[in-house]
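Just below is one structure, and these are the notes that go with it.
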Amino acid sequence: LAQAGARVWQVLPLVPPERLFWSPYSGEDANCGNVLLISLEGLVEDGLLRPSDLPAPVPFAPGADFAAVAAVKEPVLKKAAANLLGPAGSPALVQEFNSFCEEQAPWLDDAALFSILCLQNEGAWWEWEPELRDRSPRALEAARSASASAIQEFKCLQFLFHRQWMQVREYANQKGVKLVGDMPIYVGGHSADVWAHRALFEVAQDGTPAFVSGVPPDAFSETGQLWGSPLYDWPAHQADEYRWWVQRLGRAFQLFDEMRIDHFRGFAGYWAVAASEDTAMVGKWRRGPGRELFDVLREALPGMTILAEDLGVITPDVVQLREDIGAPGMVVLQFAFDGNPKNPHLPHNHYKRCFAYAGTHDNETTLGWYLNLPHEAQDRVLEYLDSTGSDISWGMIRETMVSVADTAIFTLQDVMGLDNTARMNTPGVAEGNWAWRAGPAGLWQELQPEARRLRAMAEAYGRLSP
C-alpha cells in the first residue's frame, strides 16, 4: 500500500462472524475481534508458542474454509492463552493483559460471559433458562464462578487480537496509511450487546425481537431485504445519553483511524418490520435519532472521523444529516451509467468531501460487472471512459482517481483485474460469500507492477502525500 502511494486501507468488519455463513456483518459482539485473524507466528515471537506448536502448512486454495481454519487454529490459540495465563507467563505480558481487561471491562466482561454461556446452552439467548436469559445477578455470579478459567481464556484471546491489531495499525500509520474500519449500524439479536442491554432494543419481554431491520422493496429487490436484527429503542438510548453508542464508537476508534458506518440512512429514518414478517415488504418508516446522537458522540469523542455509507434510495433528510455532521459520503462508479448525465455517481457530478469507489465489496468486480452489462450500457461506459474496454478494471480505477472526491478507493480484485469468480459478497444471498482469498505467499511481490502503476496514477492526479 505504501509503495503504491496509498494513504488509506479500508477493511471489512473485524468482529467474530456468525458461524453458519461466516458473515462479518452478523457478529455475536460489536466490540470483539475475530481471533481467527491472530498470527500464530506472532505468538511464537512473543514466546507464547513454540515453533513445533504451529500446524503444518496447507496448500493455497482460492476460497477460505473458515470452519477448517477454526478446527486447526483454535486449539493452538487455547495453548497460547494457557501459556500466558500459566505460571511461566511473561510478567510484562501479564501486566499488559491485566491492564487491557481493566480498560475494556465495560464490554469485555459481558462478552466473555456470553460467549461461554453460548457454549453451555443451546439456541439463542432468549431460549435459555429464565435466570440466565433475564440476567439474574445470582445466576450470573454462579456462571462466572463456574467458568472462571474459560472466561479468562476468552479475555486473553481478545487481548492477543487487540495487541496484534494495534501493531498493524501502528505500522500502517508509520507508513502514512490510515486504517478505515467498517461498522454495521445494527447488531445481531443473538449477541452479547442485546443480551446485556435489552432495554436499549425493541425486544419482547422474553427477549425475542419485536421489530427488526431491513429495507423496503426497490429496483434491486421485489421483496426488499430483511436483515432481521432487532431495532434500537431510540428513546431509551436518548434517556441513557447514548452511552452505549459512545462506548461502541470509542472502542472502534481504538482500532481504526476512521470508521465507515453501514446504512447511515438509518440514523435519519429507518424501515421497521414486525419480527413475524417473512419479507421486508410490509413495514413502516420511523424517524431516527438524527443529529442529536452525533452531537453527543463528538463531545465524547472529539476528532472522530466517520464515513457515511449513504447508498441506495437516499432522501433529503439523510443528505442533510450527513452534511450537518460533516461526514463524507460515498459514490460508486458502477452505479453511474444509466444514461442520465446528472447521475450523482458519474465523476463529473462528484463532490469533494466523499469517498469514490469503482465498486465495493457488495458489487460485482468491475470486470464481472462490465461483462454482464447490456451492450448499450457497455457502449456508454466505453464512451465515457474513452476506452476500448481492453482493460476495463484499470479504466475505472483511473476514472475514480480523476474524480474530485477527496478519497479514491479500489478493491484488490479490481487492481488484479479479476472477474466475478473473485466477488466478495452478493447482497441478499446468504451462501458463498466472504471467502475470496487474494493469493498465496509471494503475491505482494508479484503485484509490484500494479503498485507502481497505482503510484504513477496517484502522482499524475495529485493524490500522493505532499
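Some notes on this structure:
- Straight-distance crosslink candidates among lysines, where the alpha carbon sits under 24 Å from Lys342 and sequence neighbours closer than 8 are dropped: Lys352
- Partners for Lys175 among lysines (Cα-Cα distance below 21 Å; same-chain residues under 8 apart left out): none
- Alpha-carbon centroids, segment 1-70 and segment 345-365: separation in whole Å: 28
- Percent carbon-and-sulfur accessible area, the chain, ignoring ligands, DNA and RNA, probe 1.4 Å: 53
- With contacts taken as Cα pairs under 8 Å at a separation of at least 6 residues, segment 71-182 carries a relative contact order of 28 percent.
- For a paramagnetic label modelled on Arg380 (point 7 Å from Cα along Cα→Cβ), amide N atoms under 20 Å away belong, within segment 395-432, to 395-400, 403.
- Listed residues Leu231, Gln448, Val313: farthest to the positive end of the dipole of the chain (Cβ charges): Gln448
- Label-to-label distance, Glu141 versus Ala92, with points set 7 angstrom from Cα along the beta-carbon direction: 4.0 nm.
- Backbone N under 11 Å from the Tyr461 label point (7 Å along Cα→Cβ), restricted to segment 396-412: 396-410
- Where segment 311-430 is the region considered: accessible area per residue in Å², 1.4 Å probe: 45
- Among the GluC sites (Glu not before Pro) in segment 148-242, those located in a DSSP loop and surrounded by at most 15 other Cβ atoms within 10 Å of their own Cβ are Glu222, Glu241.
- Distance-filtered residues of segment 186-216 - backbone nitrogen under 17 Å, label point 7 angstrom along Ala272 Cα→Cβ: 186-187, 199-205, 208-216
- Modelled spin labels at Ser390 and Val429, positioned 7 Å past Cα toward Cβ, are 3.2 nm from each other.
- Taken over segment 227-301, the alpha-carbon convex hull comes to 102 cubic angstrom per residue.
- Protection proxy ranking of 173-180, 322-329, 365-372 - average other beta-carbon atoms within 10 Å, highest first: 365-372, 322-329, 173-180
- Projected label points at Gln174 and Asp65, each 7 Å from Cα along the beta carbon direction, are separated by 3.6 nanometres.
- Cα-centred dipole magnitude for the chain, charges only on beta-carbon of K, R (+1) and D, E (-1), debye, nearest 20: 980
- The charge dipole of segment 346-466, taken about the Cα centre with unit charges on the Cβ atoms of Lys, Arg (+1) and Asp, Glu (-1), comes to about 480 debye, rounded to the nearest 20.
- A full extension of the chain between Leu20 and Asp53 corresponds to an added length of 9.1 nm, given 0.36 nm per residue minus the alpha carbon distance.
- Centre separation in Å (Cα based) which lies between segment 92-109 and segment 228-283: 27
- Members of Lys79/Lys155; Lys73/Lys155; Lys73/Lys178 lying beyond 20 Å, as alpha-carbon distances in this model show: Lys73/Lys178
- A simple packing score, the average count of other Cβ atoms within 10 Å per residue, orders the peptides 188-198, 138-148 as 188-198, 138-148, with the highest score first.
The values are calculated or read from the model by the stated rules, or taken from the named source; none is laboratory data. Please read these numbers as outputs of a predicted model, since none were measured by experiment. Ideal geometry is used to build each Cβ from the backbone, glycine not excepted, and the neighbour counts take in all protein chains shown. The accessibility values were calculated without ligands, DNA or RNA, using every heavy atom of the protein model including side chains. Shrake-Rupley method; radii C 1.70, N 1.55, O 1.52, S 1.80 Å.
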